[in-house]
Amino acid sequence: MIKTNKKELLIGLIGDTHLPSRGPDIPQHIIDDFQEKEIDYLVHMGDFTSYKVYKNLQDIFGKEKVIGIVGNMDDSKLRKELPELIELDLYGHKIFMTHGAGGPDNIIERLNRSLDLSKYDIIIFGHVHHPYNETWRDEKLYISPGTPTDKKFTDINSYGYLTISKEKVEPKIIYL
């Protein structure tokens, strides 16, 4: 899925785009930013809503470079094609990815109650439409890129990056 044939990877993070109900497209300046920074992979944390959004990202970045998680609002075609969970080991860092579920409050506690995250170092999720970049009391890094398009359930729009190598893990949230 993700090849680590480089010393370091730059992964673009986005989620909860909810297109077309929250806008016609992912804002072009985000696409431009991902392209200018030459991301190695783009991970969408679910709630594309429409298969067309997933396909458009593949057309822009390449099919092998776009990784998606299915969200609770995604259409049946996405549900057939995308997983609910992804587990990765990148440079010795164990990563768990899920869209998430439930309300926006206490998402980290809820993830830990509903899933065994004990073996992971990094947990990446979506669903709550709010960015997270927190190392929690369990010493795990929790990252959510937030939403770049929703203005109904949040007043913060964002996306993110994860730079990862054997020596470092650097998450970054970009606020719009």
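Each value in this text was obtained by applying a stated rule to the coordinates, not by laboratory testing. As the structure is a prediction and not an experimental result, all values here were calculated from the model. No Cβ is skipped: glycine too gets one built from the backbone with ideal geometry, and neighbour counts run over all protein chains shown.
Examine region 90-98 for a residue that is touching a His at 6+ places or on another chain (Cβ under 8 Å) and among the small types (Gly, Ala, Ser), and state whether such a residue exists. The answer is no, given that none of the residues of region 90-98 is touching a His at 6+ places or on another chain (Cβ under 8 Å) and among the small types (Gly, Ala, Ser). If you go through region 89-109 and keep only what is free of Cβ contacts under 8 Å to residues at least 40 places away in the same chain and surrounded by fewer than 17 Cβ atoms within 10 Å (Cβ to Cβ), you end up with Asp89, Lys94, Ala101, Gly102, Gly103, Asp105, Asn106, Glu109. Go through region 57-113 and give me each residue that's more than 15 Å from the chain's Cα centre (by Cα) and small (Gly, Ala, Ser). Matches in region 57-113: Gly62, Ser76, Gly92, Gly102, Gly103. The strands (runs of 3 or more DSSP E) found wholly in region 1-117 and carrying at least 3 residues that are farther than 23 Å from Asp150 by Cβ occupy 8-14, 85-90, 93-98.
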